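Beneath this line is the structure, given in structure tokens, with notes to follow.
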Amino acid sequence: MRVMEGRSHISPEVLARYAADAAADVPGVHTKQRRGAKVAGGGVEVHVVVDYGENIPAVAAAVQQRVSDYLAQMADARPGTVHVVVDDVQRR
């Protein structure tokens, strides 16, 4: 069996989509599809909506961890920073 060698590149748009999907996996969090996330300069910025009554600092920390772990698993990329922007708090 031959081993293939090479490199691949994952666009920032795809990484941003992964980040938005990962953030939405955290209980009490929803992402805004228009803004979702962006990747630039080794960092990620994720825009979220948090359910009313959730502990925002705890939710933000969970989003940071989930996004970082998910990008490492799916794309072998670990962002230097994950900034969580809470755009809104909503009652469900």
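The values are calculated or read from the model by the stated rules, or taken from the named source; none is laboratory data. Since this is a predicted model, take the numbers as computed values, not measurements. Here the Cβ positions follow ideal geometry from the backbone for every residue, glycine too, while neighbour counts run over all protein chains shown.
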### Query
In the set ASP51, ASP21, ASP88, ASP76, which member is acidic (Asp, Glu) and in contact with a Pro (Cβ under 9 Å, 6 or more places away or on another chain)?
ASP51
### Message
Condition first: out of contact with any helix residue (DSSP H, G or I) (no Cβ under 6 Å at 6 or more places or on another chain), β-branched (Val, Ile, Thr) and at pLDDT 85 or above. Now tell me which residues in the range 1-16 satisfy that.
### Response
VAL14
### Task
Return yes or no: is ALA37 under 12 Å from VAL85 (Cα atoms), surrounded by 10 or more Cβ atoms within 10 Å (Cβ to Cβ) and over 11 Å from the mean Cα position of the chain (by Cα)?
no
### Summary
For the range 47-74, pairs from a residue that is in a helix (DSSP H, G or I) to a residue that is among the aromatic types (Phe, Trp, Tyr), with Cβ under 8 Å and 6 or more apart or across chains, are TYR70/TYR18; LEU71/TYR18; MET74/TYR18
### Task
Report the residue count in the range 65-86 for those that are surrounded by 20 or more Cβ atoms within 10 Å (Cβ to Cβ) and more than 18 Å from SER11 (Cβ to Cβ).
3
### Hits in the range 23-46 (condition: closer than 15 Å to ILE10 by Cβ, in a loop (DSSP other than H, G, I, E, B) and touching a His at 6+ places or on another chain (Cβ under 8 Å))
none
